There are 2 protein chains.
Amino acid sequence: MPALRRRGARSRGGTTSVQKDVVKQGDCIALMEAMPEASVDMVFADPPYNLQLEGDLLRPNNSKVDAVDDAWDQFDSFAAYDDFTRRWLRAARRVLKDNGSLWVIGSYHNIFRVGTALQDLNYWILNDVVWRKTNPMPNFRGRRFTNAHETMIWAAKDKDARYTFNYDAMKRLNDDLQMRSDWLIPICSGGERLKNDKGEKAHPTQKPEALLHRVIMAATKPGDIVLDPFFGSGTSGAVARKLGRHYIGLERDSDYIAVAKKRISQVQPITDMEMIDTPAKRQEARIPFGWLIEHGLLEPGTVLHGPDKRWRAKVRADGTLITADFKGSIHQVGAHLQGAPSCNGWSFWHVKADGKPVSIDVLRQKLRANLPKTLN
Amino acid sequence: MPALRRRGARSRGGTTSVQKDVVKQGDCIALMEAMPEASVDMVFADPPYNLQLEGDLLRPNNSKVDAVDDAWDQFDSFAAYDDFTRRWLRAARRVLKDNGSLWVIGSYHNIFRVGTALQDLNYWILNDVVWRKTNPMPNFRGRRFTNAHETMIWAAKDKDARYTFNYDAMKRLNDDLQMRSDWLIPICSGGERLKNDKGEKAHPTQKPEALLHRVIMAATKPGDIVLDPFFGSGTSGAVARKLGRHYIGLERDSDYIAVAKKRISQVQPITDMEMIDTPAKRQEARIPFGWLIEHGLLEPGTVLHGPDKRWRAKVRADGTLITADFKGSIHQVGAHLQGAPSCNGWSFWHVKADGKPVSIDVLRQKLRANLPKTLN
DNA sequence: AACGCTCTTGAATCACGTA
DNA sequence: TTACGTGATTCAAGAGCGT
């Protein structure tokens, strides 16, 4: 039960305290209603999509697609889904700080209803952001376009809110061009995809950490609290912890909670504030340096050195480098250290791997090979 | 013997006739209500976006909605926009043929409300398609992501509609990969952008012809009728005419109508069917397997084998196959042997010719080419 | 170690015509 | 309206395995 407080005493920075870095089991609406109001800086929500699947779907080779048919995704009608949506969005709005913001991810099955509800509840939409998948599932029957993206809505609490947007960090993550509303990121697979002890996927819709990296870097500051009312396998919590933010996860399913807790416990937070604070080749696909970090080819805090080890700098989470007295892009820092007018950071900087220096350009090539022609 | 005929030759509704290749002036809802029902094959709509800064939103009765800045008026504005949206979508649904489809383009200001209305009116969403702009307007204040895309919703009249989708044409447009739901297309500028006699742009939101080219090629056949209830500068009409389709444009503003009419009059339609027809495997003349035997391309008793020689069957004179324990069609026997729910016998079975395996589909193509064109 | 090949898999509202 | 037979339909990655 929230403490009795005077109207207007609501702080913008939180005199109220809320339990941080926890996962709570239960219905997210009830759990949010029990939280103090205006207590979190950002909400990230991956609600049920309300897919309406009828029969089985077979691939051309007659194998069956493992569909999302879990009970938690079943609703009787659009009206029921709308009611659920409005209730959790209203509860989220109450616990959100006045200058916080909210992200919701969805597909065409549900995102229009979410967006309508947001607007009706007086949220103020800032962007719709398209997550373009490098490797979506194809359309097996040839009856539609390949459903190759999902949509995120980013909204402030109201029209006049002074929400956080780390414009420079985003720009640097994108090689000094403004970050656009369409993001190209692979789906979660391979080693990142959590499995249960039977080797099955632990959660049917686990989101990639690269996606959450960009969301959290864009719209929070170190120390901020990220609330995820549909915590699932805990991607938002894991990335928040890694980036020096706090998390609160709400989840009904105890199996998912166990997976998420174990996962988060293995995350090594970046404690060096310098690494995470955010004060910001033409024919081939352009790969911003920041993408190496988003995709885990470099960890924030990694030490890079120049060709002959005279020069060193550390990698920050937003894709800039930092030395004792200077920070900037890989090119700017390289030029500064050498006292040169310019420097190609891609060829200048190296990272130690198994004792041997590896050019970061090698990492770029590796990433480029993994991000196919859909880049263009 | 079944007659050789094109598959999918069903009539697409339309005993009623409708005026084609015209632009009508007036309120689109009233104009659609005056049209015969089930009379157009596709609707493309670029409705007002309800940009909240513009304040020029008109209610259904054409009264102007005052500029709004508080929550109550905002709700009033959304309600008016929703009402308008539902009315024109309902009218459009009535004039759409049962197997037609509808496209609506919008931005985050209005697209969620459009999508919700579509679902509520029992339209069946097929895809949301993202138009990624190569050259969007940058974000000048640095407070959001560059708004670099718009969203189109593609919907059928209902869940069971047999809408047109030229899968093969789309695949060829995309280097023989399935067309995805994210399209990269430049905004309309340069010579394509229509100007008035003062050199100002003739319409504020003229859409690029490349966008309409892909929409119309994807979802209509030559000779189909495309209805655009917010005709504006007439991009949909110009592209429809160019591609051998018909258009119906509805528009309130007489200046826009003048621009559109002049523009369309200058379009040279492509008359060569070879240029605009989009042959699909599904629509090719059906050749029963037995014809291969009748026409001497296969002898009764010939041994067929599967892709890897594990499976064998003999051809009987009536066009069935026989194995030790089973007989049936090429499809049934292929499925039975593999223990699969189904099998495309045309691609499964091969015959030895000069020591090399030849797919029976090759024989089918040979026969199809030799049959008189008039039957095709 | 480095390839090359096969097999598996991912938030999916995934036939159609004829009798 | 329903039942049934034909036959159309997949892309990018990762894992595993053999050379």
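The table that follows gives values for the structure above.
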item	result
Over chain A: helical MRE at 222 nm, DSSP H runs n ≥ 4 each giving -39500 (n - 2.57), nearest 500	-8000 deg cm²/dmol
DSSP beta bridge pairing in chain A, given as percent antiparallel to the nearest 5	60
Copy-to-copy label separations for residue A:354, where each label sits 7 Å from Cα toward Cβ, in nm and ascending	5.0
Environment charge of residue A:78, counting only residues whose C-beta is closer than 11 Å and scoring Lys/Arg +1, Asp/Glu -1	-3
Relative counts (whole %) of C-alpha pair distances in the stretch B:276-365, using bins that are 5 Å wide	3, 14, 26, 25, 16, 9, 4, 2, 1, 0
Top positive-direction residue, dipole computed over the protein assembly as shown with Cβ charges, set A:270, B:220, A:126	B:220
The stretch B:94-175: chymotrypsin sites (Phe, Trp or Tyr not before Pro) in DSSP coil with no more than 12 other Cβ atoms inside 10 Å	B:140
Candidates B:206, B:338, B:178: whichever shows maximal mean-square fluctuation once chain B is modelled as a Gaussian network with Cα springs under 10 Å	B:338
Dipole of the protein assembly as shown, positive direction: furthest Cα of A:151, A:335, B:186, with charges on the beta-carbon	A:335
Nearest-20 debye value, chain A charge dipole, Cβ charges on Lys, Arg, Asp, Glu	800
At 1.002 mPa s and 20 °C, Stokes diffusion of the protein assembly as shown via Kirkwood alpha-carbon radius, µm² per second	73
Cα-based shape type of the stretch A:165-323, given that a ≥ b ≥ c are square roots of the gyration tensor eigenvalues and the cut on a/c is 1.5	prolate
Area hidden from solvent between A and B (accessible, protein heavy atoms only, 1.4 Å, total, Å²)	5200
Chain B: angle of helix B:71-95 to the longest principal axis, Cα-based, in degrees nearest 10	40
11 Å beta-carbon shell around residue B:115, net charge (K/R +1, D/E -1)	0
Whole-Å distance, taken between Cα centres, linking the stretch B:81-115 and the stretch A:307-335	52
Peptide B:128-134, shielding by other chains (average Cβ, 10 Å cutoff)	5
Compactness index (Cα Rg / 2.2 N^0.38 Å), the stretch A:174-249	1.20
The stretch B:95-174: C-alpha gyration tensor shape, a/c 1.5 cut-off, then a/b vs b/c	oblate
DSSP-defined antiparallel bridges as percent of all bridges, the stretch A:30-188, nearest 5	60
Inter-copy separations for residue B:210, label at 7 Å along Cα-Cβ, nm, ascending	2.5
Tensor-based shape of chain A (alpha-carbon gyration tensor, a/c under 1.5 rounded, otherwise prolate or oblate)	oblate
Distance between the stretch A:349-365 and the stretch B:229-244 - C-alpha centres, whole angstrom	54
Charged-residue dipole, Cβ positions (Lys, Arg, Asp, Glu), the stretch B:77-201 about Cα centre, Debye nearest 20	340
Copies compared at residue B:255 - label distances in nm, ascending, label defined 7 Å from Cα in the Cβ direction	6.3
Antiparallel DSSP beta bridges within the protein assembly as shown, as percent of all bridges there, nearest 5	60
For the stretch B:256-287 versus the stretch A:131-186, the gap between their alpha-carbon centres in whole angstrom	35
Peptide ranges B:29-35, B:82-88 listed from the most packed, as the mean C-beta count within 10 angstrom indicates	B:82-88, B:29-35
Angle in degrees between helix B:209-219 and the longest Cα principal axis of chain B, rounded to the nearest 10	40
Total charge dipole magnitude, the protein assembly as shown, about the Cα centre, Cβ charges on Lys, Arg, Asp, Glu only, Debye to nearest 20	1680
Farthest positive-ward along the stretch B:246-357 dipole, Cα basis, beta-carbon charges - from B:295, B:254, B:351	B:351
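The values are calculated or read from the model by the stated rules, or taken from the named source; none is laboratory data. Keep in mind that this is a model prediction, so the values were computed, not measured. Note: ideal-geometry Cβ built from the backbone for every residue, glycine included; neighbour counts use all protein chains shown. Calculation scope for accessible area: heavy atoms of the full protein, side chains included, ligands and nucleic acids excluded. Shrake-Rupley method; radii C 1.70, N 1.55, O 1.52, S 1.80 Å.
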